[in-house]
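Scroll down for the structure; my scribbles are underneath it.
Every number in this text was worked out from the coordinates using simple rules, so none of it is lab data. Just so it is clear, the structure is predicted and the values come from calculations on it, not from any experiment. No Cβ is skipped: glycine too gets one built from the backbone with ideal geometry, and neighbour counts run over all protein chains shown.
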């Protein structure tokens with residue numbers, strides 16, 4: 001079988017999704033399954049849908065279009081604010097989009113009217129993480145503008161935390177979102193169907209047992225795909241953390257000195273090799289596998305026990321194999337974090353092999 005390849009175990013993803021859907025459902029919270037790390041994989045999305053998610057979320061309209069082109073039906077949400085140049089495509093393929101800008105909402109309205117559609121929008125509120133979001137004091141004005149736009153329906157409000165600045169969802173910021181939802185309803189005489197509390201980083205807060213207020217939906221990607229929560233990357237009890245495995249092949253296996261020599265300058269990626277006494281004196285086995293930064297984030301890879309990653313360039317990943325002698329042609333399997341998974345799924349040089357294990 002070719003390498004590098006990403007082995008995807010669909011049953012483990014399905015187990016994770018079903019488990020989270022059931023646990024969150026017991027607290028009155030629905031799940032949007034975020035598939036952006038899968039590059040619009042129809043097989044993975046269909047597993048998520050069969051597991052009970054209420055919608056599929058993706059940050060790229062190209063992935064949603066791919067799913068539609070593959071015949072995947074069901075509710076689709078664009079979870080990144082639409083680019084103004086793509087609003088026609090967003091309305092044509094996505095049922096819902098998350099929004100923060102009045103100018104974009106105006107373009108979505110025009111596209112919806114032209115296409116004879118009603119496009120649902122969720123207004124995202126800034127609650128401290130400093131990525132996307134309307135400042136709370138400006139929310140009423142954006143709500144009023146949205147309600148006046150033909151072709152648009154205000155589905156609800158939401159927020160995103162932990163992605164940019166690592167701000168954790170907690171009782172205070174989730175209560176603020178609930179208060180904002182109630183305030184919007186009271187001031188405009190409407191009912192918001194959706195109060196989206198955030199992403200996989202919300203799970204510790206939800207399962208802590210406190211009052212969840214108005215929060216009735218979460219957008220889950222990393223917890224479903226990798227079985228961990230993103231605040232500390234700790235495994236979630238009862239979930240699989242090995243639904244994805246990245247397998248590559250050894251292309252060089254030699255014994256070499258442990259320290260570079262010569263006039264040391266920056267490497268291809270701006271790094272400088274250590275200079276001075278070798279951390280381990282003498283020479284060590286040194287292995288190169290056919291995988292590089294173009295294929296996966298080396299900082300997000302976990303090698304087999306006993307092996308250590310020494311560094312990476314565009315196309316080479318260097319390993320210390322420890323006490324194991326590794327022959328050329330041997331396959332080496334890595335576990336991935338979210339960053340490494342995202343890049344591996346995106347790389348055209350990594351073959352994706354989906355199976356039911």
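Key figures
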read-out: Ascending count of other beta-carbon atoms within 10 Å, so fewest first, for 316, 119; value: 316, 119
read-out: Over segment 117-257: Kirkwood hydrodynamic radius from C-alpha pairwise inverse distances, Å; value: 17.2 Å
read-out: Protection-proxy order for peptides 141-150, 31-40, each taking the mean of Cβ atoms within 10 Å per residue, highest first; value: 31-40, 141-150
read-out: Inter-probe distance in nm under a simple model that places probes 7 Å from Cα toward Cβ, at residue 70 and residue 163; value: 2.1 nm
read-out: Inter-site label distance for residue 186 and residue 353 at 7 Å from Cα along Cβ, in nm; value: 5.9 nm
read-out: Theoretical gain in end-to-end length, residue 54 to residue 309 [0.36 nm per residue, Cα-Cα removed]; value: 87.8 nm
read-out: Cα-based helix-to-principal-axis angle, 10-25 vs the chain, degrees rounded to 10; value: 40 degrees
read-out: Ellipticity estimate at 222 nm from DSSP helix runs (n ≥ 4, -39,500 (n - 2.57)) divided over the chain, nearest 500; value: -8500 deg cm²/dmol
read-out: FRET efficiency, residue 259 to residue 211 (Cβ-Cβ, R0 56 Å, nearest 0.05); value: 0.45
read-out: Whole-Å semi-axes of segment 244-355's equivalent ellipsoid (Cα gyration tensor); value: 25, 17, 11
read-out: Inter-label distance, nm, simple model (7 Å from Cα along the C-beta direction), residue 333/residue 145; value: 5.2 nm
read-out: Full-stretch length increase - residue 114, residue 30 - with 0.36 nm per residue and alpha-carbon distance subtracted; value: 27.1 nm
read-out: Cα gyration tensor category, rounded, prolate or oblate, for segment 59-180 with a/c compared to 1.5; value: oblate
read-out: Gaussian network model of the chain, Cα within-10 Å springs - most flexible of 153, 284, 68; value: 284
read-out: Cα gyration tensor shape for the chain, rounded if a/c is under 1.5, else prolate or oblate; value: prolate
read-out: Among 184, 53, 45, residue whose mean-square fluctuation peaks in a GNM of the chain (springs only between Cα atoms under 10 Å); value: 184
read-out: Which of 231, 319 has the fewest Cβ neighbours within 10 Å, and the rest in rising order; value: 231, 319
read-out: Chain lengthening between residue 106 and residue 251 when straightened (0.36 nm per residue, less Cα-Cα); value: 46.8 nm
read-out: Separation between Cα centres of segment 130-146 and segment 298-316, rounded to whole Å; value: 43 Å
read-out: Burial ordering of 85, 51, 97, fewest other beta-carbon atoms within 10 Å first; value: 85, 51, 97
read-out: Acute angle (nearest 10 degrees) that the helix 171-188 long axis makes with the longest principal axis of the chain, alpha-carbon atoms; value: 30 degrees
